[in-house]
Each structure stands twice: as structure tokens, then as C-alpha cells.
């Protein structure tokens, strides 16, 4: 039930933000060139805040189930990175993005950008770290490979933003003008949310099986290391 609650929270986020994007696609397509966080400054701010809060909470619940069922541990790289993803999302809600219609910049906008970066970077690390020990496992290998695949896709989806920042740092165009930032961000967010759902399905599967002991995690990790060495 807890795993289902986590998945439901993430799916609700998809439905809420998707509804806002669908309305804009039909009524004002140019608005989709802006980042998703722009919703946090308008009349629909509450929808954005609730949706992102649900994504943060649902992700943390999924991490908790994976830990509880022995797939990972709280102080592992995967669980810590997934927790940082949730923390980044929570800070995105708590500190709205910079409203560029105002004459001065705000501390909130700076924290918002840093929190977004924390979330976007942490999620791929979490997925890859969660998957790696289980890739050759007879029970969880399938879940692990799907999780790893979407972790790698998240890295690829993030690369245009990294390229834009490097262009800006080298004296080129402002990073938000290198690509239509809203479109690129939506591809990245879509990929990372699907990755969370894949991890959620893993948590759901783990919840229906006996809890794994530390010796089983260690044995799986040793098998993976031995296979990689060979």
C-alpha cells in the first residue's frame, strides 16, 4: 500500500502538470518555451506547488520502500541521491523562481536555480546507483536494467542544458537562449519522472516479496563485480 501511495503521488504530479501544459498547448503554445517553474508565479501557483510537493513526497516514499525491503540502504549512494532529488524539489516549491518582470533579482531565485540543479543532477545518480548491484540478479535484474536505462537517458536529457551553460560560460549567448529552455526542461523532467515511476514499480515488486537480508545484497554486489571483472 505504501508503494502504491508513492506511485500514485508521482502519477498525480504528471496529471496536474500535464493538464497545465495541455491547456497552454491549446491556448498559448508560446508559453511552453518558459520553464515549468513559471507556473509557480501565476494564478496556478498552487497547482504547481502541490504537484511538485507530491513528486518529492512520492519519490521519498519509493526510496523508503526500497530501503525497507532490502533493495538498498539509507546511506547508500542511490538512497542518498534520491533523497537529494526530493530535497531539491521541496526547495523549488519553497523558493519560487526569479520573476524577471521585477526590476531586481531575488535571493529566492538563486536558491530556486541551485535547487533545480540539485534535483536534476541527483536523480540520474540515484537511478544508476540503485540499479548497478542488481543488474545480474535473477529476480531484480529486469527492474535494475530498466532503472539503469532511464538513469542514462536522464543524463542524456540533461546534456543540452550543460552545453548551454558551457556556451554561456565561454562568452557566448545566455544559456537560456541557446535552446528553447522550456522544451528542453520538459524533456528532462519527463525522462526523470518516468525514471522515478520505474523505480516505483521496482518498489512495488519488492513489497510483494520477502525482505532481502544484508548477505543477499552483498552476494549480488559480489556477483556483479566478478562479472564486470571477467
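Within the range 67-94, the set of residues being buried (at least 20 other Cβ atoms within 10 Å of the Cβ) and either under 11 Å from the mean Cα position of the chain (by Cα) or within 19 Å of residue 13 (Cβ to Cβ) (or both) comprises 81, 82, 85, 86, 88, 89, 92, 93. Residues in the range 38-52 that are buried (at least 18 other Cβ atoms within 10 Å of the Cβ) and either closer than 10 Å to residue 93 by Cα or in contact with a strand residue (DSSP E or B) (Cβ under 9 Å, 6 or more places away or on another chain) (or both): 40, 48, 51, 52. Only one entry in 182, 205 is touching a helix residue (DSSP H, G or I) at 6+ places or on another chain (Cβ under 9 Å), in a helix (DSSP H, G or I), within 23 Å of residue 139 (Cβ to Cβ) and at pLDDT 70 or above, namely 205. Looking at this structure, is residue 38 in a loop (DSSP other than H, G, I, E, B), in contact (Cβ under 8 Å) with a residue 12 or more places away in the chain and touching a helix residue (DSSP H, G or I) at 6+ places or on another chain (Cβ under 8 Å)? Answer is no for this residue.
Restricting attention to the range 155-177, which residues are surrounded by 12 or more Cβ atoms within 10 Å (Cβ to Cβ) and at pLDDT below 75? Scanning the range 155-177 gives 168, 172, 175, 176, 177.
Scan the range 139-160 and tell me whether some residue there is assigned to a loop (DSSP other than H, G, I, E, B), over 30 Å from residue 22 (Cβ atoms) and out of contact with any strand residue (DSSP E or B) (no Cβ under 7 Å at 6 or more places or on another chain). The answer is yes, given that some residue of the range 139-160 is assigned to a loop (DSSP other than H, G, I, E, B), over 30 Å from residue 22 (Cβ atoms) and out of contact with any strand residue (DSSP E or B) (no Cβ under 7 Å at 6 or more places or on another chain).
When you look at residue 123, is it surrounded by fewer than 20 Cβ atoms within 10 Å (Cβ to Cβ) and either in contact (Cβ under 8 Å) with a residue 12 or more places away in the chain or in a helix (DSSP H, G or I) (or both), yes or no? Spelling it out, it is not the case that residue 123 is surrounded by fewer than 20 Cβ atoms within 10 Å (Cβ to Cβ) and either in contact (Cβ under 8 Å) with a residue 12 or more places away in the chain or in a helix (DSSP H, G or I) (or both). Here residue 171 fulfils each of the conditions (1) in contact with a helix residue (DSSP H, G or I) (Cβ under 7 Å, 6 or more places away or on another chain); (2) at positive phi apart from (1).
The values are calculated or read from the model by the stated rules, or taken from the named source; none is laboratory data. All of these numbers come straight from a predicted model, not from anything done at the bench. Positions of Cβ are generated from backbone atoms using ideal geometry, with glycine treated the same way; all protein chains shown enter the neighbour counts.
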